[in-house]
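The values are calculated or read from the model by the stated rules, or taken from the named source; none is laboratory data. It should be emphasised that the depicted structure is a prediction, and the values quoted were computed from it without experimental measurement. Cβ placement follows ideal geometry from the backbone for every residue including glycine, while neighbour counts extend to all protein chains displayed.
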């Protein structure tokens, strides 16, 4: 995302992305991890916490925020 402003539609998009992803993938190996979702690109990152997900990926992809 290129904006620091998060809105309700971003949350809706992120939830739709997650529902599709979780329906198509076996999540048993990542149980307990946090998922960070960019609603604009559809990218999903996994890590120990949202801080871990967001810090490295915000820098790598020049994102401003993830869900």
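Summary of values
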read-out: Unmet requirement for residue 32, which otherwise passes all of (1) under 9 Å from the mean Cα position of the chain (by Cα); (2) assigned to a loop (DSSP other than H, G, I, E, B); (3) modelled with pLDDT of 90 or more; value: (1)
read-out: Residue within the stretch 56-67 that is buried (at least 17 other Cβ atoms within 10 Å of the Cβ), at pLDDT 90 or above and touching a strand residue (DSSP E or B) at 6+ places or on another chain (Cβ under 7 Å) present; value: no
read-out: Cβ-Cβ under 8 Å pairs, at least 6 apart or on other chains, the stretch 10-39 side within 14 Å of residue 50 (Cβ to Cβ), far side assigned to a helix (DSSP H, G or I) and modelled with pLDDT of 95 or more; value: 35/18; 37/17; 37/18
read-out: Among the candidates 37, 16, 44, residue that is modelled with pLDDT of 80 or more and surrounded by fewer than 14 Cβ atoms within 10 Å (Cβ to Cβ); value: 16
